[in-house]
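Attaching a single structure in structure tokens format; questions to follow.
The values are calculated or read from the model by the stated rules, or taken from the named source; none is laboratory data. Just so it is clear, the model here is predicted, and its values are computed rather than measured. Methodologically, a virtual Cβ is constructed for each residue, glycine included, from the backbone with ideal geometry; neighbour enumeration extends over all protein chains shown.
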Amino acid sequence: MAQYFELHPDNPQPRLIKQAVALLQRGGVAAIPTDSSYALACRLDDRDAVELMRRIRQIDEKHHLTLLCRDLSELSSYAKVDNRQYRLLKAATPGAYTFLLEATKEVPRRVSHPQRKTIGLRVPDHRVLQALLEEHGAPLLATTFIPAGEDEPINDPGEIRARYEKVLAAVVDAGACNLQPTTVVDLTPMDGGDDPVVIREGRGSLETLGLAG
């Protein structure tokens, strides 16, 4: 049964943050708030938790998962980033953007895209999530919490608890999140000198990236 944590959105209680992270570190999957929508999250190196997360969403290994990082220095440990890519990342983080980049050897092959060897990465602008990442001391692997067979993210932590408490280890309630997903940008074309490709326009402004049409 999922433990339910009600956290203040601006000043999250350290005791509850520690308890929620302890459940993640013991192999649990948690529903957590982000600056775009609620997400499912687990430890990067926990095979069983990653598979459970995929089963809840009913997604396969070709669906890009995302590493939630505390800052750009942490992001660059898990993705290959050149100077052009770094300048764009610096302009957009923290924020509601997901970037597709080539994964480094720090990323287990089972969580990167099987053909492209890419991974989604982002630095979220959300105090509760940043507190969770700080307590964990490493990135969390995540996917937007869109119920199987539905098109929109689930945004009510009470509803998440009611529908998924038997499969989740924790529900972190910091109030309602935005329903608009992140803007997703593929930066891998920049490796060959091409421009980045916008995969999905979401909450993050394309003007910030210099990509607005």
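What are the pairs, 6+ residues apart or on separate chains, where a residue within region 5-20 that is over 14 Å from residue 173 (Cβ atoms) has its Cβ under 7 Å from a residue that is exposed (fewer than 12 other Cβ atoms within 10 Å of the Cβ) and of a type in the set (S, T, N, Q)?
Taking only residues 6 or more apart or on different chains, not a single pair turns up.
Right, another one. Find the residue count for region 1-33, including only residues that are modelled with pLDDT under 95 and crowded, with 23+ Cβ neighbours inside 10 Å.
Final tally of qualifying residues: 0.
Taking region 38-57, which residues are outside any strand (DSSP E or B) and within 16 Å of residue 161 (Cβ to Cβ)? Lay out the reasoning, then the answer.
Going residue by residue through region 38-57, those that are outside any strand (DSSP E or B) are 38, 44-57.
38, 56 - these are the residues of region 38-57 that are outside any strand (DSSP E or B) and within 16 Å of residue 161 (Cβ to Cβ).
If you don't mind, there's one more thing I want to ask. Go through region 112-150 and report how many residues are surrounded by fewer than 19 Cβ atoms within 10 Å (Cβ to Cβ), in contact (Cβ under 8 Å) with a residue 12 or more places away in the chain and closer than 19 Å to residue 45 by Cβ.
6
On to the next question. Going by the structure shown, is residue 210 touching a helix residue (DSSP H, G or I) at 6+ places or on another chain (Cβ under 8 Å) and modelled with pLDDT under 90?
Numbers: touching a helix residue (DSSP H, G or I) at 6+ places or on another chain (Cβ under 8 Å): yes; modelled with pLDDT under 90: yes.
Judged against the criteria, residue 210 is a match.
Consider residue 86 against the criteria (1) out of contact with any His (no Cβ under 8 Å at 6 or more places or on another chain); (2) within 22 Å of residue 175 (Cα to Cα); (3) among the hydroxyl-bearing types (Ser, Thr, Tyr): it satisfies all of them except one. Which criterion is unmet?
(2)
Restricting attention to region 171-201, which residues are surrounded by fewer than 20 Cβ atoms within 10 Å (Cβ to Cβ), of a type in the set (Gly, Ala, Ser) and either within 19 Å of the chain's Cα centre (by Cα) or not in a loop (DSSP other than H, G, I, E, B) (or both)?
Selection gives 175, 176, 192.
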